[in-house]
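Q: Got a structure for you, questions after.
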Amino acid sequence: GMGYGCCILNHHQPSHLPFQSLDNKSIINHFIKHSEHENELSSRVSKKVSKMIIKYCGNDLISISPPSVTINSIDDNSIGIQISKNNNDSKSKSKSKSLLTTGYKIEYKALANGRVPDQGESKWDIIQIPTTKQSYEYIITELEPCTNYLIKVSSRNQYRKYGASSNVISCKTNGKEWRFDTITTKYEYCVDINKKEFELKDIAYITAGYSFGFESGIHEFKMKCNEYIREDTLLVIGIFADHFHFDETWIGNHDDTHYYYSALGGIYTGYDSKIKRFISWKRNQVITMILNCNNWTLSFDQGNRATIIKIEKNKKYYPFVSGISNDRTKFEIIEK
């Protein structure tokens, strides 16, 4: 076995290979065909043959330049990219050998909370694509919504050797359509399979929300509730910062910044401190909550009435609904 490009003889190969009976091209093709390791030469190969192989195969085998990469499409769980071969690489620096693009290697990884991961913290996922096309479209799938990703691509030549990678590009998957994908521990059965409906099936404080937080841009969340509002109704919609409220306790006890709109009316913050008056909910009335991370405001709209408050800046906020009921109250997310 031999290294891609810089060729070596595998230590398990027999030492009596009849190099003398082969011409230079046959020897080189043998090493390329069986190459597996890089950057060393077997002691069984004569110095003369070694120098000849390095001279013939050296850096020319990896001189193929990086392709150009652009973003074609972005969805909640996928990113489409366009890969184009660099036309300057039709020939290697060596006059005797042409380099052909026979494939691409796509590498991608998610950023940790919007920052560049420390070295070794996150590994690149790799996709290898055999193709001789000058231009190639590919969709990276099974990604997380509302997540930043880094992407780079390198070309492969006919010797199965990859060149340097392209410049790293970054983009963020979509994910503004919220859903109930996180819920108070042990109450997962209260959310439907599509994670668009949340029903209070037990008499307990239960919170359901979206697992992806927002710290930039403007985001709209719509929902309605089938509950008749009475004096003892404890139902809210709002946002909390830093982490999800998994405890089976009232949302007012959340230990970080939070704001919510109560079914009985009014906008509240920590420990049930009322910060603004507002009308109560109506049964099956669509409530629109808008989180604006550009000017750090939160607004609630009931169609013909709306209100807005200022919120703490530079936080990552998660939308949620929460409450306790003995009437199997149901929250439903409304699609835009």
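The values are calculated or read from the model by the stated rules, or taken from the named source; none is laboratory data. None of the values given here were measured: they were computed from a predicted structure. Every residue, glycine among them, receives a Cβ derived from its backbone with ideal geometry; neighbour counts consider all protein chains shown. Keep in mind that these areas ignore ligands, DNA and RNA; they rest on the heavy atoms of the full protein, side chains included. Shrake-Rupley method; radii C 1.70, N 1.55, O 1.52, S 1.80 Å.
Q: Given the convex hull of the Cα atoms of region 262-336, what is a quarter of its surface area in nm²? Please list the in-between numbers first.
A: On the way: hull surface 24.2 nm².
Here the figure is 6.0 nm², rounded to one decimal.
Q: Leaving out ligands, DNA and RNA but keeping every protein chain, what accessible area does Arg179 have, in Å² rounded to the nearest 10, with a 1.4 Å probe?
A: Solvent-accessible area, nearest 10 Å²: 50 Å².
Q: Within region 187-269, which trypsin sites (Lys or Arg not before Pro) sit in a loop by DSSP and count at most 13 neighbouring Cβ atoms inside 10 Å?
A: Details: sites: Lys195, Lys196, Lys201, Lys222, Lys224, Arg230; in loops: Lys195, Lys196, Lys201, Arg230.
Within region 187-269, the qualifying trypsin sites (Lys or Arg not before Pro) (loop, at most 13 other Cβ atoms within 10 Å) are Arg230.
Q: I'd like the accessible area for Glu215, computed on protein heavy atoms only with a 1.4 Å probe and all protein chains in place. Round to 10 Å², please.
A: Counting only protein heavy atoms, the figure is 90 Å².
Q: Ignoring ligands, DNA and RNA, how do Thr70, Thr329 rank by accessible area with a 1.4 Å probe, largest first?
A: On the way: Thr70 75, Thr329 0 Å².
Per-residue accessible area, sorted high to low, gives Thr70, Thr329.
Q: Across every pair of different alpha-carbon atoms, what Kirkwood hydrodynamic radius in Å does region 211-272 reach? If you can, show how the numbers build up before the last one.
A: Numbers: mean 1/r = 0.0761 Å⁻¹.
One decimal place: 13.1 Å for the Kirkwood radius.
Q: Leu100: accessible area at probe 1.4 Å, nearest 10 Å²?
A: 90 Å²
Q: Working with all protein chains in place, sort Lys310, Lys330 by solvent-accessible area computed with a 1.4 Å probe, largest first.
A: Numbers: Lys310 170, Lys330 70 Å².
These residues rank, largest area first, as Lys310, Lys330.
Q: Once the cut-off is 19 Å, how many percent of the Cα-Cα pairs in region 169-297 end up in the long-distance tail?
A: Working: 4318 of 8256 pairs.
Counting pairs separated by more than 19 Å, the tail of P(r) holds 52 percent.
Q: Separate question: What ranking, highest mean first, results for peptides 237-245, 132-140 when packing means the other Cβ atoms within 10 Å averaged over each residue?
A: Working: 237-245: 20.6, 132-140: 13.8.
Per-residue mean Cβ counts within 10 Å order the peptides as 237-245, 132-140.
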